[in-house]
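Q: What follows is a single structure, and I will ask about it in a moment.
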Amino acid sequence: MSASSRPEIELQVGALCIGDLHLDASDEACAHALRDFLGRHRTAPALVILGDLFEAWVGPAHARLVGAQRVLATLREWTSAGRALHLIPGNRDFLLGADFEAACGARVHPRGALARLPHERALLIHGDELCTLDVGYQRLKRVLRSAPMLALAPRLPSPFALAVARRLRKRSVRAVAAKPREETAQQPDEVRRQALAAGADTVLCGHAHAYRDEQLSAGPRWMVVDAFGGARDVAVVGEAGRWVVGGSRGDRA
């Protein structure tokens, strides 16, 4: 994928980046932690969500659920105050698109984005594209995100769409559990390749649910934020104009 296929976004000091919230769209209380977090960061100029905001998303069928409505309202409060909201879809919610943008004022970047910081150029992706040894998953991903599937999914009757989403989720959990860990791991060589193609100093992602911040040899700085709620689940553009990793409860690395 070329750098030109990804939009560039400018992030100022104080901008936030989180990912892997895995919110249950049917749970009325699912927005509470997100609302509390955003309430503690009202001065932040922007929020980037690195995918898997929702545990599953098939479009209108999920958007009508009470939990999803609470989340959309929370995010709409954020953008209504003049703050930017960028979302990079994950493997659980890759169908988030124009309807989501209209509902909460977000900008969705299906293929990731290039972030311009004061002193850093970062490639922002979900992170599943780095799991190149998991050939079966990458093949299924191409099928599910093909043009016919993207057109069909939002048109499915709600009960059927939700049932399909539940079934796919269960199958995914079983499949991941059955695979060797090295097969599903994010690959440093792919991090290097994507950084080089994008002209990025840093690759920032989620998906692995395990914090990482390292300088790859002959490559970029590679950062992975914890799943939301973990000890190191937030990246912030610090005063030096570079990413600083901390926790959503306020601590910093």
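The values are calculated or read from the model by the stated rules, or taken from the named source; none is laboratory data. Being a predicted model, the structure only gives us computed values, none of them experimental. Please note: Cβ atoms are built from the backbone with ideal geometry, for glycine as well, and neighbour counts cover all protein chains shown.
Q: Given region 70-186, what helices (runs of 4 or more DSSP H) lie entirely inside it while holding 1 or more residues that are touching a Cys at 6+ places or on another chain (Cβ under 8 Å)? Give the steps one after another, and end with the answer.
A: Working: elements: 98-104, 135-144, 147-152, 158-178, 181-184.
Qualifying helices (runs of 4 or more DSSP H): 135-144, 181-184.
Q: Let me ask something additional. Out of Ser217, Ser146, I need the residue that is at pLDDT 80 or above, farther than 20 Å from Asn91 by Cα and of a type in the set (Ser, Thr, Tyr). Which one? Step through it out loud before you land on a result.
A: Working: Ser146 fails: farther than 20 Å from Asn91 by Cα.
One residue alone meets the criteria, Ser217.
Q: Picking from Val48, Val58, which residue would you name as being in contact with a helix residue (DSSP H, G or I) (Cβ under 6 Å, 6 or more places away or on another chain), touching a residue at least 40 places away in the same chain (Cβ under 8 Å) and buried (at least 17 other Cβ atoms within 10 Å of the Cβ)? Talk me through it step by step, then tell me what you get.
A: On the way: Val48 fails: in contact with a helix residue (DSSP H, G or I) (Cβ under 6 Å, 6 or more places away or on another chain).
Only one candidate qualifies: Val58.
Q: Tell me, which residue of region 228-253 that is touching a Lys or Arg at 6+ places or on another chain (Cβ under 8 Å) and not in a strand (DSSP E or B) is modelled with the lowest pLDDT?
A: Ala253
Q: Still on this structure, please answer the following. Checking the structure you have, find out if any residue of region 77-90 is more than 24 Å from Leu11 (Cβ to Cβ) and either surrounded by 15 or more Cβ atoms within 10 Å (Cβ to Cβ) or in contact (Cβ under 8 Å) with a residue 40 or more places away in the chain (or both).
A: Keep residues of region 77-90 that are more than 24 Å from Leu11 (Cβ to Cβ), which gives none.
No: region 77-90 contains no residue that is more than 24 Å from Leu11 (Cβ to Cβ) and either surrounded by 15 or more Cβ atoms within 10 Å (Cβ to Cβ) or in contact (Cβ under 8 Å) with a residue 40 or more places away in the chain (or both).
Q: Only one of (1) at pLDDT 90 or above; (2) more than 20 Å from Gly206 (Cβ to Cβ); (3) surrounded by 15 or more Cβ atoms within 10 Å (Cβ to Cβ) fails for Val135. Which number is that?
A: (3)
Q: Further question on the same structure: Going through region 34-45 one residue at a time, which ones are surrounded by fewer than 15 Cβ atoms within 10 Å (Cβ to Cβ) and in contact (Cβ under 8 Å) with a residue 24 or more places away in the chain? Steps first, answer last, please.
A: Looking only at region 34-45, we keep the residues that are surrounded by fewer than 15 Cβ atoms within 10 Å (Cβ to Cβ), and these are 36, 39-40, 42-43.
The answer is Arg40, Arg42, Thr43.
Q: Which residue out of Arg121, Arg145 is touching a residue at least 60 places away in the same chain (Cβ under 8 Å) and over 15 Å from the mean Cα position of the chain (by Cα)? Explain how you work it out, then say what you get.
A: Values: Arg145 fails: touching a residue at least 60 places away in the same chain (Cβ under 8 Å).
Selected residue: Arg121, the only one of Arg121, Arg145 that is touching a residue at least 60 places away in the same chain (Cβ under 8 Å) and over 15 Å from the mean Cα position of the chain (by Cα).
Q: Looking for something of a type in the set (Asp, Glu), out of contact with any His (no Cβ under 8 Å at 6 or more places or on another chain) and either within 24 Å of Pro188 (Cβ to Cβ) or modelled with pLDDT of 90 or more (or both) - is there at least one such residue anywhere in region 121-128? Before the answer, list the steps.
A: First, pick out the residues of region 121-128 that are of a type in the set (Asp, Glu): 128.
Cutting the leftovers down to out of contact with any His (no Cβ under 8 Å at 6 or more places or on another chain) gives us none.
Taking every residue of region 121-128 in turn, none turns out to be of a type in the set (Asp, Glu), out of contact with any His (no Cβ under 8 Å at 6 or more places or on another chain) and either within 24 Å of Pro188 (Cβ to Cβ) or modelled with pLDDT of 90 or more (or both).
Here's the yes/no breakdown for (1) more than 21 Å from Ala147 (Cβ to Cβ); (2) of a type in the set (Lys, Arg):
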| residue | (1), (2) |
| --- | --- |
| Arg6 | no, yes |
| Ile9 | yes, no |
| Asp52 | yes, no |
| Pro60 | no, no |
| Asn91 | no, no |
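Q: Could you tell me which of the residues Ala163, Ala198, Ala178, Ala210 is surrounded by 11 or more Cβ atoms within 10 Å (Cβ to Cβ) and modelled with pLDDT under 80?
A: It is Ala163.
Q: Name every residue in region 1-33 that is free of Cβ contacts under 8 Å to residues at least 60 places away in the same chain and over 17 Å from Arg116 (Cβ atoms), in order of residue number.
A: Taking region 1-33 first, the residues free of Cβ contacts under 8 Å to residues at least 60 places away in the same chain are 4, 23-32.
Residues satisfying the conditions are Leu23, Asp24, Ala25, Ser26, Asp27, Glu28, Ala29, Cys30, Ala31, His32.
Q: While we're looking at this one, here's another question. Looking at Asp99, is it without any contact (Cβ under 8 Å) to a residue 60 or more places away in the chain and either hydrophobic (A, V, I, L, M, F, W, C) or surrounded by fewer than 20 Cβ atoms within 10 Å (Cβ to Cβ) (or both)?
A: On the way: without any contact (Cβ under 8 Å) to a residue 60 or more places away in the chain: yes; either hydrophobic (A, V, I, L, M, F, W, C) or surrounded by fewer than 20 Cβ atoms within 10 Å (Cβ to Cβ) (or both): yes.
Answer is yes for this residue.
Q: Now for a separate question. Within region 187-218, can you find the residues that are part of a helix (DSSP H, G or I), touching a residue at least 60 places away in the same chain (Cβ under 8 Å) and aliphatic (A, V, I, L, M)? Don't jump to the end; show me each part of the working.
A: Of the residues in region 187-218, the ones part of a helix (DSSP H, G or I) are 188-198.
The next check asks that each one be touching a residue at least 60 places away in the same chain (Cβ under 8 Å); those that pass are 190-191, 194-195, 197-198.
Residues satisfying the conditions are Val191, Ala195, Ala197, Ala198.
Q: Looking at Arg64, Arg70, which is the one that is in contact (Cβ under 8 Å) with a residue 24 or more places away in the chain and within 20 Å of the chain's Cα centre (by Cα)? Write out each step before concluding.
A: Details: Arg64 fails: within 20 Å of the chain's Cα centre (by Cα).
Going through Arg64, Arg70 in turn, the sole match is Arg70.
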